[in-house]
Structure formats: C-alpha cells, structure tokens
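The structure appears right after this line, and notes come after that.
The values are calculated or read from the model by the stated rules, or taken from the named source; none is laboratory data. This one's a predicted model, so the numbers in the text were calculated from it and none came from an experiment. Every residue, glycine among them, receives a Cβ derived from its backbone with ideal geometry; neighbour counts consider all protein chains shown. Note: accessible area is taken over every heavy atom of the protein model, side chains too, but ligands, DNA and RNA are not part of it. Shrake-Rupley method; radii C 1.70, N 1.55, O 1.52, S 1.80 Å.
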Amino acid sequence: MISKIRKMSGKNVKAFTLMELMIVIVIIGILAAVGLTVFGGQAGKAKTSSTKAIHKQVVTYITVEMMNCSMGETTTMGGSLTCSGRTAGSVVTAAVASLANEHKNPFENTKAAVTNGGNNTADTDAGYIRLGTSGTNVTVKSCHTQPCSTASNREEKTVALQ
C-alpha cells in the first residue's frame, strides 16, 4: 500500500497516498459507529446489575448480623447494634450507619446507596436501597431500572429478626 514517491533530490521516499489515508479514516468511522450501537446501552445495564447486587448484599448482611446476635454476640454491625433488646427500627438504624460508606448509588454515585426509609416507586428512587420496618421485620426495597413505577423494575425482601 505504501507508494514510492520520487523527490526532486533523487531519493526514494515511502509514503501513503491521500486515497489510502481516506480509506483508513472511513474504516475507523464505520468501526466507531458499530461500536456505539453494540456497546451504547451497557451503562444502563451496569447500573441495573450493580443495584441488584447491592440489594442482595444488604439482605445477606442484615441476615448474617442477626444470626450473630442469635449465636450469643453482644454487639454486631461494627458495634452499631446492641443485640439485647434490638428492634426492627434499631436494626435499620445500625445497618444504615455501618453501611454508609460501603456502597454508592449507581445512578447518583456521590450519594450513599443504603438509606433509612423512603420508597422505591419514583424514578428518583433508582439505585437506592431503602431500609424500613414492617412489624418486627426489616424490609429492604430498591428500584434497579427506570421507570420505577413498573413493578418488575423493583425488588423487595423482608428479613425476619431471629
């Protein structure tokens, strides 16, 4: 592809022609366009997957910490929860405190993902893991995909205090 071009000085110089350079630019443009269509929606999928993973981790964390209390520990959740006399409300408060710096909201990465209270039905709730109480149980709610008004885009799990 490289053409030899003779300069006035009599030396042979190797160089690309203008046509060859234009073909390379067109090929790069085509590859970029295909790449955008193939990988363009990956950010949304990553946010959804991350929110689902955080939701699952929070449920597991609360379940394990409650088991620690049942096995005779006096405090749990990094010392934020005293096991004797614990209530669903104190578990929620302790979980939010101990997880405050662990997870960021994938949709708003400057904010903590785990919060005390709130809902999961508005689009502004996307990415948040909302902890609440239901009687003596802890509820863990999240919206992993917008629109949050669609039930299939939300998750809710109840963790029983043991």
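Accessible area per residue for the chain is 61 Å², calculated with a 1.4 Å probe on protein heavy atoms, without ligands, DNA or RNA. Which far-off residues, 5 or more places away or on another chain, put their amide H under 5 Å from the one on Thr75, with H placed in the peptide plane? Those qualifying (amide H under 5 Å, at least 5 residues apart or on another chain) are Cys83. Accessible surface ranking for Phe107, Phe16, Phe39, 1.4 angstrom probe, highest first: Phe39, Phe16, Phe107.
Only aspartates and glutamates eight or more places from Lys111 in sequence, or on another chain, were considered; those with a Cα closer than 17 Å are Glu102, Asp123, Asp125. For Lys104, the residues 5 or more places off, or on other chains, whose built amide H falls under 5 Å of its own are Ala113. Here's the picture: charge each Lys and Arg Cβ at +1 and each Asp and Glu Cβ at -1 in the chain, and of Thr158, Val38, Ala53 the one pushed furthest to the positive end of that dipole is Val38. A DSSP coil position with no more than 15 other Cβ atoms inside 10 Å describes the following GluC sites (Glu not before Pro) in the stretch 79-161: Glu102, Glu108. Each listed q (0.12 Å⁻¹) maps to a log10 I(q)/I(0) for the chain, found by the Debye formula over equal Cα scatterers with no solvent: -0.61. Normalised by 2.2 N^0.38 Å, where N is the number of residues, the C-alpha radius of gyration of the stretch 20-67 stands at 2.20.
Round to the nearest 0.05 the FRET efficiency obtained for Ala112 and Ile27 when R0 = 41 Å and r is the Cβ-Cβ distance. Approximately 0.35, to the nearest 0.05. Computed over the stretch 92-162, the Cα gyration tensor eigenvalues convert (square root of 5λ each) into semi-axes of 19, 16, 8 Å, ordered from largest to smallest. Do any trypsin sites (Lys or Arg not before Pro) in the stretch 64-162 lie in a DSSP loop with no more than 12 other beta carbon atoms within 10 Å, and if so, which? Within the stretch 64-162, the qualifying trypsin sites (Lys or Arg not before Pro) (loop, at most 12 other Cβ atoms within 10 Å) are Lys111.
Counting Lys and Arg as +1 and Asp and Glu as -1, what is the net charge of the other residues whose Cβ lies under 14 Å from the Cβ of Glu156? In short, +4. Of the residues Ala88, Ala112, Ala32, the one that moves most in a GNM of the chain with alpha-carbon contacts below 10 Å is Ala32. Quick one: pull the percent of accessible area on the stretch 1-135 belonging to carbon and sulfur, 1.4 Å probe, ligands and nucleic acids left out. It is 62 percent, rounded to a whole number. Full extension of the chain segment joining Ala46 with Asn101 gains 17.8 nm, where the gain is 0.36 nm per residue of separation less the Cα-Cα distance.
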